[in-house]
Amino acid sequence: MAEILKDLDYFELDELLTSEEKLTRDTIKQFVEREVLPSVERHFANETFPKELVSRMAELGMFGANLKGYGCAGMNNVAYGLMMQELEAGDSGLRSFASVQSALSMYSIYAFGTEEQKQRYLPGMARGEIIGCFGLTEPDHGSDPGGMETRAKRDGKGWVLNGTKRWITNGTIANVAIVWAKVDEGITGFLVDKGSSGFGAHDMKGKFSMRASITSELVLEDVKVDDSQRLPEAKGLRAPLACLTQARYGIAWGAIGAARSCYRCALEYVKSRRQFSRPLAGYQLVQAKLVQMLTEITKAQMVCLRLAHLKDAGKMRPEQVSFAKRNNVNEALKIARLARDMLGANGIVNEYPIIRHMLNLETVNTYEGTFDVHTLILGRDITGEAAFD
Ligand SMILES: Cc1cc2nc3c(=O)[nH]c(=O)nc-3n(C[C@H](O)[C@H](O)[C@H](O)COP(=O)(O)OP(=O)(O)OC[C@H]3O[C@@H](n4cnc5c(N)ncnc54)[C@H](O)[C@@H]3O)c2cc1C
């Protein structure tokens, strides 16, 4: 097993995992080691998405992993979380692909769609044959999606959609876009198939983060959709927010994988790199950094495992997910920056995974609710006062 993928289990949390959960984790760990790591730096450098991995990811049950029926694996939320952790130990972009496919696109249909929509899309999405994207963010509305300007107007028995969605993961490779739009009654969702007249997607290039992930702009100009393409149970902003809760749950786990990869790499490096009289690992300042990293990774693991148990018991609150996403991603970003520093000049080259994780985590800290937006969510929860505007 590659050193960077080894487990980090200071509090022996493995004892709390079932053999099935461990098997899932180890299977994904192997997949990442054998099939992701050999090519991910090249994809990151070339700003390309490793599309060749999609069918393998489907085979391993990664799409809609914690959903039941429709060809989905139906695993519990511990196994699903561990899966996201191992995937992100490879690259946040690949975990983003899985999150958008599963927790945002498939979950939208699963939670808010008709039985006909579920039958039509979900089995193909689980097999990786239908790729989805989730269009919520707009050029002028990120943290405040409720201000969205995309509109859907009644047109006989169907709808006409107009608007622009920006920063949409998987946009140009998606076969179906979940487009959130305002109607007279409030916000609802539509399934817009690729190739619909008036619907276009183009890649956003020049990112220094998430380079192995596709990020796109979606343009909707008088796009006609049948009423059968509306998600009938998606009523109001709470619908996309419910999908975001699912995705944020996976992100909280995923960040641990990226942080662990950086920690492992820095630890190995300082053990062998000698400066002045001995290995860097023998200096107190270096040890303090390693201890900080270990402490935060271990705390993040505990938060996630408890969150998973709450989710499986149907007791997880969105605010608890905000807590985990906010903390784990922010700490992972700090760990990546520390690890980058500990490798000195070598910290900036792609011979090591650290700089890639660090750059990716800048996005992870921003998307799915920024660090500050989750602070506001938690602040509202504990004070009863909303400080958003
Ligand atoms: C690579 C990538 C992939 C993405 N994929 C998707 C996707 O698939 N689908 C999708 O819909 N979106 C996606 N996004 C968009 C992402 O969710 C948004 O970028 C995010 O919600 C933040 O919105 P914004 O960028 O407009 O920042 P803004 O909302 O403009 O925020 C800018 C800054 O202001 C702060 N801020 C905002 N409001 C407040 C406030 N009330 N009080 C204090 N501070 C505040 C924020 O915390 C932040 O620091 C993606 C983004 C990236 C970078």
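The values are calculated or read from the model by the stated rules, or taken from the named source; none is laboratory data. The structure displayed is predicted, hence computed values, not measured ones. Using ideal geometry, Cβ is built from the backbone for each residue, glycine included, and neighbour counts are taken over all protein chains shown. Remember, those area values only see protein heavy atoms, side chains included, never the ligands or the DNA or RNA. Shrake-Rupley method; radii C 1.70, N 1.55, O 1.52, S 1.80 Å.
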What is the residue count in the stretch 99-122 for residues that are small (Gly, Ala, Ser) and either over 18 Å from the mean Cα position of the chain (by Cα) or surrounded by fewer than 24 Cβ atoms within 10 Å (Cβ to Cβ) (or both)? 2
Single condition Gly189 does not satisfy, out of (1) surrounded by fewer than 24 Cβ atoms within 10 Å (Cβ to Cβ); (2) within 13 Å of the ligand (Cβ to nearest atom): (1)
Extreme residue, nearest to the ligand (Cβ to nearest atom), among residues of the stretch 149-175 that are open to solvent by less than 30 Å² (accessible area, probe 1.4 Å) and touching a helix residue (DSSP H, G or I) at 6+ places or on another chain (Cβ under 6 Å): Thr169
Within the stretch 342-371, which residues are of a type in the set (D, E, K, R) and either free of Cβ contacts under 8 Å to residues at least 40 places away in the same chain or closer than 23 Å to Cys133 by Cα (or both)? Glu351, Glu362, Glu368
Matching entry among Gly347, Gly379, Gly384, Gly369 (being within 16 Å of the ligand (Cβ to nearest atom) and more than 18 Å from the chain's Cα centre (by Cα)): Gly379
Can you confirm whether the stretch 212-223 contains a residue that is part of a helix (DSSP H, G or I) and out of contact with any strand residue (DSSP E or B) (no Cβ under 7 Å at 6 or more places or on another chain)? no
Out of all the residues in the stretch 297-340, which are polar (S, T, N, Q), within 13 Å of Gly257 (Cα to Cα) and crowded, with 21+ Cβ neighbours inside 10 Å? Gln301, Asn328
Being buried (at least 18 other Cβ atoms within 10 Å of the Cβ) and more than 22 Å from Arg238 (Cβ to Cβ) is the filter; apply it to the stretch 129-148 and report the residue that is farthest from the ligand (Cβ to nearest atom). Ile130
Just checking, which of Ala98, Ala58 is in a helix (DSSP H, G or I) and either among the charged types (D, E, K, R) or farther than 23 Å from Val179 by Cα (or both)? Ala58
I'd like to know if the stretch 272-294 contains one or more residues that are under 29 Å from Ser108 (Cβ atoms), touching a Leu at 6+ places or on another chain (Cβ under 9 Å), modelled with pLDDT of 95 or more and of a type in the set (Ser, Thr, Tyr). no
The stretch 27-51 residues that are part of a helix (DSSP H, G or I), paired with ones that are surrounded by 21 or more Cβ atoms within 10 Å (Cβ to Cβ) and of a type in the set (Asp, Glu) (beta carbon under 7 Å, 6 or more apart): Ile28/Glu86; Lys29/Glu86; Val32/Glu86; Val36/Asp91; Val40/Asp91
